[in-house]
Amino acid sequence: MKRTRPLSILALAVVGVVVGFLVQLSLASSGRAILVPPVTLPITLAAAGAIVLAFAVPIHRAIRGTVKREVNPFRAMRVVVLAKASSHVGSLVAGFGIGSVAYVLSRTIVPGVSSLWLSIATAVGGIVLLVAGLVAEQLCTLPPDDFTPEA
């Protein structure tokens, strides 16, 4: 599996910003209330990042030799895929939060202060999930010295 590329993370963040801004704009222009993220969203994103890291640490310890155990390759692959998905989702959610913040700040009359802070917290939670996914992916990679070509 290839490492997560910065271009894919950046592209998903840009898509998130555009979608976040346009969703808020379309809701406001149709006379509806803008989307305010719930308080639990950034908490859940940070908890998901912590869980991804918790899954990656035992694999890292087994790979680096601090714990003498064999690594189940299927478990390691699942953790890497989870880490990669977490980084992509974190990028998308962070972009959506930034797009919502951009919309709220672009208005002449700022809606409620809580909507601004909750959008900022959502963007920060997305960034936390993104970083946790990238770190977990790094923890699950084999060191270059252990590379053995297939026969």
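The values are calculated or read from the model by the stated rules, or taken from the named source; none is laboratory data. Not measured: the values here are computed from a predicted model. When we count neighbours, we look across all protein chains shown, and the Cβ atoms used for this are built from the backbone with ideal geometry, even at glycine. Accessible surface areas use protein heavy atoms only, side chains included; no ligands, DNA or RNA. Shrake-Rupley method; radii C 1.70, N 1.55, O 1.52, S 1.80 Å.
Taking VAL104, is it in contact with a Ser or Thr (Cβ under 8 Å, 6 or more places away or on another chain), touching a residue at least 24 places away in the same chain (Cβ under 8 Å), hydrophobic (A, V, I, L, M, F, W, C) and over 23 Å from ILE9 (Cβ atoms)? Steps first, answer last, please.
Values: in contact with a Ser or Thr (Cβ under 8 Å, 6 or more places away or on another chain): yes; touching a residue at least 24 places away in the same chain (Cβ under 8 Å): yes; hydrophobic (A, V, I, L, M, F, W, C): yes; over 23 Å from ILE9 (Cβ atoms): yes.
Yes: the conditions hold for VAL104.
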In region 74-87, anything within 19 Å of the chain's Cα centre (by Cα) and crowded, with 20+ Cβ neighbours inside 10 Å is listed as VAL79, VAL80, ALA83, LYS84, SER86, SER87
Within region 39-60, restricting to residues that are free of Cβ contacts under 8 Å to residues at least 40 places away in the same chain and not aliphatic (A, V, I, L, M), the one that is most open to solvent (accessible area, probe 1.4 Å) is THR40
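Scan region 69-86 for residues that are outside any helix (DSSP H, G or I) and either in contact with a helix residue (DSSP H, G or I) (Cβ under 8 Å, 6 or more places away or on another chain) or under 19 Å from VAL128 (Cβ atoms) (or both) and report the count. Talk me through it step by step, then tell me what you get.
We begin by selecting, within region 69-86, every residue outside any helix (DSSP H, G or I); these are 69-72.
Okay, now just the ones that are also either in contact with a helix residue (DSSP H, G or I) (Cβ under 8 Å, 6 or more places away or on another chain) or under 19 Å from VAL128 (Cβ atoms) (or both), so 69-71.
The total comes to 3.
Take the conditions within 19 Å of the chain's Cα centre (by Cα), closer than 30 Å to ARG3 by Cα and of a type in the set (A, V, I, L, M) and apply them to VAL71. Does it pass?
Against the criterion (within 19 Å of the chain's Cα centre (by Cα), closer than 30 Å to ARG3 by Cα and of a type in the set (A, V, I, L, M)), VAL71 does not qualify.
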